Amino acid sequence: MRVEESDVLSQVLRLIRLRGDRVFRGEVGVATEVTFQAGPASFLHLRSGELLVSQHGGEAVLLRPGDFVLLPHANGHTVQSGAARKAQHRFDEDTYSTIKTEPRTSRWATDDETAGCFLAGSFYFDGAPLRSLLTGLPGLIHLTCDRASEPPWLAAITNFLDVESRSAGPGASLMVSRLIDLLVIRTLRMWVSKQGNRAGWLSGLSDERIGRALNAMHMEPSRAWTVESLAETASMSRSIFSDRFTSVVGVPPLRYLTRWRLTLAADLLRTGTVKVTDVAFSAGYGSEAAFSRAFKAQFGYPPSDAHRVTKGSVFHARSSDMA
């Protein structure tokens, strides 16, 4: 079986079109707080010192050298010195995208004392109608990685990313973007295996039997699936499967299947080259009218507007979209 046929996470990430943006090095002084306003998704890898990172409105997590945080939503976050001293100096940044490419190291401090040094960057999800695919992602993913337990891939990717970000050679910007993509994907893979009982399709991937059903729906979305046939795929009874799927993923199996079909339909319609009628039938609907009602209920606009809505758009994940 080919990888692309058996890897739901890769298939979903391909649809949401993860796109790495830029990277920079940062230094935060003692008793200093830096607030990044709403903007792109971002990541931060602490190289030295101790820093506190918090999503806006969320609880702060303490980072020690080697720790990594992924912030997939767009509601902003704060980085501050990890010492007990109250912040006396505050800096505001509009978004990570406003960080100038030269100099590539940004320093937020009023003296020579540094609380922490880090490598950070930003990324986007292209495709406005694909918000439901990100159900289950928390606002902040924290990988605790001291020097003894830091996964080899994290050190390798961030070090290579640091080197490429300093390069002005041919293809450097593309290399940076691809390395950010890889960093995000590997982080999500590690998080999926450790994240516990959080609801969402990502949780389903860590459940062997529910993962089988998810894989089947993703690989054959147009098939006339029933709860019974999906339960059989998962080697479970109908009632136990239905209860387990709803508990793990957060929605009943057939509702998830409808969401997935509509997501694929939205991706087809965004090109503007496929007729709504054709997409409706490929999504398993007997009429364009029924498809249009379901599509509008899911995305808030009719399928005829999909090309206009998504053209040139970039989706910044928001926690309100994760229901």
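Just so it is clear, none of the values below were taken in a lab; they were calculated from the coordinates. Because the structure is a prediction, the values reported are computed rather than measured. Methodologically, a virtual Cβ is constructed for each residue, glycine included, from the backbone with ideal geometry; neighbour enumeration extends over all protein chains shown.
Straight distance only, please: which aspartates and glutamates reach the Cα of LYS275 with their own Cα at less than 19 Å, same-chain residues fewer than 8 apart left out?
Result set, ordered by chain and number: ASP267, GLU288, ASP305.
Equivalent ellipsoid semi-axes for the range 25-94, as square roots of 5 times the alpha carbon gyration tensor eigenvalues: give them largest first, rounded to whole Å.
17, 15, 11
Using Cβ contacts closer than 10 Å as the measure, can you line up ASP21, ASP67 from fewest to most?
Fewest to most other Cβ atoms nearby, the residues stand as ASP21, ASP67.
Quick one: order ILE180, ILE157, ILE240 by neighbouring beta-carbon count within 10 Å, fewest to most.
ILE240, ILE157, ILE180
Can you grab the distance from the C-alpha centre of the range 54-72 to the C-alpha centre of the range 233-284, Å, no decimals?
33 Å
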